[in-house]
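The values are calculated or read from the model by the stated rules, or taken from the named source; none is laboratory data. No experiment lies behind these values; they were computed from the predicted model shown. All Cβ positions, even for glycine, are placed from backbone atoms using ideal geometry, and neighbour counts span all protein chains on display.
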Amino acid sequence: MSNVSIKTVREVEGIRVASQMAAETLLAVGEILRPGLTTDDINVFVHDDTVKRGGWPAPLNYHGFPKSVCTSINEVVCHGIPGPRALAPGDIVNVDVTTIYKGFYGDTSATFYVGTPTKEARHVTEVARRALALGIAEVREGARLGDLGAAIQQFAEGEGCSVVRAFVGHGIGRAFHEAPQVSHVGKRGQGLRLRAGMCFTIEPMINLGDYDVEILSDKWTVLTADRALSAQFEHTLVVTKTGCDVLTHRSRALTGSEIYPDPFAAAVAVRA
Ligand code: MF3
Ligand code: CO
Ligand code: CO
């Protein structure tokens, strides 16, 4: 566990700039999402928006990933490959943006509502949104990774949902995926002890049914084994003495997903 790096202030500022670029691109995605748009359209938009800001989309050619963003609809848990599928009213779609700028990575995602969501779609999406907020609220120097996994798991399971085990959050910096692995389930008091300057993502994948997943023959698309809905939100953060700094923080509401100010963020502020 000692292979988890403590970032310098300059490194954190580099990750912050890349993270803010990713956050701005995700906000811009929210502005264009509508029924009829294909996930390929989202891919072109994210690619061009990222390049326009002077960055580069990290997913493109990452271990052979063929596109510039992950788009995961309904029962797709993560790593959906953009294609000809058009968004339809009632769909939920996670868009996961990762930007490289001056050698640093910033990684953030959100689940959007296409048109009016079903009760089930709204439930799994709001549980995922709040699970991320509760995980973030656990982060501070001296806390353990198990504390945030436990907070996420306890809340999500209490809401009748399950937490995906097979994919985790990750350290981030000059690489897309670094140590530590950040499980979204766990036990309080267990796992890595957090230190100020550690940078990692929290990105809980929350399922309406069971947590088991399958991978399609395209080698990327992860879907729920029972084909029930799945939702995800992701932030990149740095641990501080008193809490954490959310490097992919958004200064305004995500159109098509959240109301601003985020009521769950306010609840987190009260706890901290
Ligand atoms: N952005 C994803 C994450 O949150 C990773 C995507 S890898 C890709 O870690 F190759 F599919 F882009
Ligand atoms: Co990530
Ligand atoms: Co991501």
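Kindly indicate whether Val69 is within 13 Å of ligand 1 (Cβ to nearest atom), within 14 Å of the chain's Cα centre (by Cα) and either surrounded by fewer than 23 Cβ atoms within 10 Å (Cβ to Cβ) or without any contact (Cβ under 8 Å) to a residue 40 or more places away in the chain (or both).
yes
Is the range 183-196 home to any residue that is within 16 Å of ligand 3 (Cβ to nearest atom) and touching a Phe, Trp or Tyr at 6+ places or on another chain (Cβ under 6 Å)?
no
Quick check: anything in the range 186-199 under 19 Å from Asn94 (Cα atoms), touching a strand residue (DSSP E or B) at 6+ places or on another chain (Cβ under 8 Å) and of a type outside the set (Asp, Glu)?
No, the conditions are met nowhere in the range 186-199.
Can you tell me which condition Ala228 does not meet? The list is (1) within 16 Å of ligand 3 (Cβ to nearest atom); (2) among the small types (Gly, Ala, Ser); (3) more than 21 Å from Thr242 (Cα to Cα), and all the others hold.
Among (1) within 16 Å of ligand 3 (Cβ to nearest atom); (2) among the small types (Gly, Ala, Ser); (3) more than 21 Å from Thr242 (Cα to Cα), the lone unmet condition for Ala228 is (1).
Could you go through the range 27-34 and let me know if any residue there is without any contact (Cβ under 8 Å) to a residue 60 or more places away in the chain, more than 11 Å from ligand 1 (Cβ to nearest atom) and more than 14 Å from the chain's Cα centre (by Cα).
Yes, the range 27-34 contains a residue that is without any contact (Cβ under 8 Å) to a residue 60 or more places away in the chain, more than 11 Å from ligand 1 (Cβ to nearest atom) and more than 14 Å from the chain's Cα centre (by Cα).
Looking at Gly191, Gly186, Gly171 in this structure, which one is among the small types (Gly, Ala, Ser), surrounded by 16 or more Cβ atoms within 10 Å (Cβ to Cβ) and either within 17 Å of the chain's Cα centre (by Cα) or closer than 22 Å to Gly103 by Cβ (or both)?
So the residue among Gly191, Gly186, Gly171 that is among the small types (Gly, Ala, Ser), surrounded by 16 or more Cβ atoms within 10 Å (Cβ to Cβ) and either within 17 Å of the chain's Cα centre (by Cα) or closer than 22 Å to Gly103 by Cβ (or both) is Gly171.
Can you find a residue in the range 250-267 that is modelled with pLDDT of 95 or more, assigned to a loop (DSSP other than H, G, I, E, B), among the charged types (D, E, K, R) and over 16 Å from the mean Cα position of the chain (by Cα)?
No: zero hits.
Any residue that is more than 22 Å from Thr111 (Cα to Cα) and part of a helix (DSSP H, G or I) - is there at least one of those in the range 132-146?
Within the range 132-146 (the criterion being more than 22 Å from Thr111 (Cα to Cα) and part of a helix (DSSP H, G or I)), the answer is yes, since at least one residue qualifies.
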